[in-house]
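To start, the structure under review is shown below, and the notes come after it.
Every read-out reported here was derived from the displayed coordinates using simple, explicitly stated rules and does not represent laboratory data. Note that this is a predicted model, so its numbers are computed, not measured. Here Cβ is always computed from backbone atoms with ideal geometry, including for glycine, and neighbour counts include all displayed protein chains.
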């Protein structure tokens with residue numbers, strides 16, 4: 001006789017049945033080079049941010065309609081939601097940056113942004129540039145170099161996101177986002193910094209103040225997770241709209 005416990009119907013309804021693998025849309029960069037393709041950055045974001053939203057559903061399903069105070073351990077779902085929300089923005093910026101770099105590479109009608117040209121020269125040395133010109137595979141070499149470089153980088157926090165997207169053609173991405181959605185730029189940066197630092201505290205310290213003895217746990221509310229998800233949704237949507245408007 002099996003001792004396994006089946007999840008409740010409310011839990012299944014909230015989380016949903018196991019889904020089939022999702023095939024991301026592929027976006028051709030230029031007809032002249034049909035082999036050059038890149039995953040749609042905003043599609044990546046929507047898949048990743050859904051993980052954070054799932055954690056809110058899991059908390060609600062586990063707590064149910066009981067009006068009593070939920071068990072303290074359920075708050076970890078909200079902590080995990082913040083971690084996944086910031087990670088979703090990280091994944092989006094990483095993929096968006098590469099997407100824009102490849103678009104610039106295959107658009108022969110416009111000059112490369114100065115920072116992008118400098119970064120290409122840094123990543124691909126003169127002897128490799130000569131070999132790329134001889135073999136006509138510069139774009140493939142640049143894409144490979146950036147993919148390897150991005151594996152070593154973090155795309156979390158105001159400075160990292162700004163620096164990365166400057167290479168990809170945004171002069172000051174948070175200023176542009178703030179203007180596009182009519183919000184205060186300083187507040188936008190402050191809120192993203194607050195949630196990014198909270199993500200780091202959760203991921204690296206278990207959300208405890210380790211300077212205390214014994215360590216003191218930081219409190220968290222459902223609204224904290226909701227506000228974080230809302231913020232990163234707003235930032236990613238604005239960057240996506242600005243990217244599309246520039247095409």
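Some points to look at:
- Across the stretch 106-173, the fraction of Cα-Cα pairs farther apart than 19 Å, rounded to a whole number, is 38%.
- Two-decimal Rg/Rh across the stretch 38-246, once Rg and the Kirkwood Rh are taken from alpha-carbon atoms: 1.06
- Förster radius 41 Å - calculated FRET efficiency between residue 203 and residue 147 (Cβ-Cβ, nearest 0.05): 0.95
- Full-stretch length increase - residue 117, residue 68 - with 0.36 nm per residue and alpha-carbon distance subtracted: 11.7 nm
- Cα→Cβ-extended label distance, 7 Å offset, between residue 194 and residue 128, nm: 4.2
- Protection proxy ranking, peptides 194-204, 110-120, 74-84, average beta carbon neighbours within 10 Å, highest first: 74-84, 194-204, 110-120
- Cβ-based exposure ranking for 106, 42, 73, in which fewest neighbours within 10 Å come first: 73, 106, 42
- Modelled label positions at residue 135 and residue 234, each set 7 Å beyond Cα in the direction of Cβ, lie 4.8 nm from each other.
- Cβ-derived FRET efficiency at R0 25 Å, residue 110 paired with residue 176, nearest 0.05: 0.85
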